[in-house]
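Worksheet: one structure, shown below.
The values are calculated or read from the model by the stated rules, or taken from the named source; none is laboratory data. The model shown is predicted, which means the values in this text are computed figures rather than measured ones. Methodologically, a virtual Cβ is constructed for each residue, glycine included, from the backbone with ideal geometry; neighbour enumeration extends over all protein chains shown.
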């Protein structure tokens with residue numbers, strides 16, 4: 001299976017929305033298209049993986065400066081491979097592309113969160129040199 005990595009475009013919204021729903025995030029194609037457009041701004045990148053012209057995965061990236069580090073931090077904010085094609089190396093290819101993007105932009109480290117209900121995903125990251133280093137706390141706020 002030949003995989004190509006591309007920067008997402010608004011016309012990729014339907015397929016990206018499908019993948020977000022596989023992760024448990026209810027979203028519409030139009031909302032996803034708006035978010036894809038936001039990833040066109042500096043320090044953001046949304047990459048998609050295609051196999052035979054079909055989008056089979058995406059990875060959302062953000063780089064930013066933090067007070068305590070000497071260089072930018074890279075964040076993977078969302079990452080999904082279609083459940084029908086997992087285990088075929090697509091995730092590894094997409095993660096490598098993300099790491100290259102962060103290296104090219106001088107990032108000091110890469111951070112990500114992974115839901116506790118996804119132990120197989122945790123192992124995927126551990127197998128690729130990522131470390132479990134902290135706990136992540138969340139407080140949901142009311143949207144006004």
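Being touching a residue at least 40 places away in the same chain (Cβ under 8 Å) and either on the phi < 0 side of the Ramachandran plot or touching a helix residue (DSSP H, G or I) at 6+ places or on another chain (Cβ under 6 Å) (or both) holds for only one residue in 69, 95, and it is 69. Residue 10 passes every criterion in (1) touching a helix residue (DSSP H, G or I) at 6+ places or on another chain (Cβ under 9 Å); (2) at pLDDT 95 or above; (3) surrounded by fewer than 20 Cβ atoms within 10 Å (Cβ to Cβ) apart from (2).
Screening the candidates 86, 128 for the property of being surrounded by fewer than 17 Cβ atoms within 10 Å (Cβ to Cβ), free of Cβ contacts under 8 Å to residues at least 40 places away in the same chain and in contact with a helix residue (DSSP H, G or I) (Cβ under 7 Å, 6 or more places away or on another chain) yields one hit, 128. The criterion of being surrounded by fewer than 18 Cβ atoms within 10 Å (Cβ to Cβ) and either within 20 Å of residue 24 (Cβ to Cβ) or within 15 Å of the chain's Cα centre (by Cα) (or both) holds for residue 122. When residue 19 is tested against (1) over 12 Å from the mean Cα position of the chain (by Cα); (2) touching a residue at least 60 places away in the same chain (Cβ under 8 Å), just one condition goes unmet, and that condition is (1).
Within the stretch 102-122, residues that are at positive phi reach partners that are modelled with pLDDT of 85 or more and surrounded by 11 or more Cβ atoms within 10 Å (Cβ to Cβ) with beta carbons closer than 9 Å, at six or more positions or on different chains, in the pairs 106/63; 106/71; 106/72. Of the residues in the stretch 44-60, at least one is within 21 Å of residue 104 (Cα to Cα) and surrounded by fewer than 18 Cβ atoms within 10 Å (Cβ to Cβ). In this structure, does residue 63 turn out to be under 21 Å from residue 40 (Cβ atoms) and in contact (Cβ under 8 Å) with a residue 12 or more places away in the chain? Here the answer is yes, as residue 63 does meet what is asked. Does at least one position in the stretch 25-38 carry a residue that is assigned to a loop (DSSP other than H, G, I, E, B), surrounded by 13 or more Cβ atoms within 10 Å (Cβ to Cβ) and in contact (Cβ under 8 Å) with a residue 12 or more places away in the chain? Looking through the stretch 25-38, none of the residues is assigned to a loop (DSSP other than H, G, I, E, B), surrounded by 13 or more Cβ atoms within 10 Å (Cβ to Cβ) and in contact (Cβ under 8 Å) with a residue 12 or more places away in the chain. Checking each residue of the stretch 71-79 against the condition of being modelled with pLDDT under 95 and farther than 24 Å from residue 121 by Cβ gives no match.
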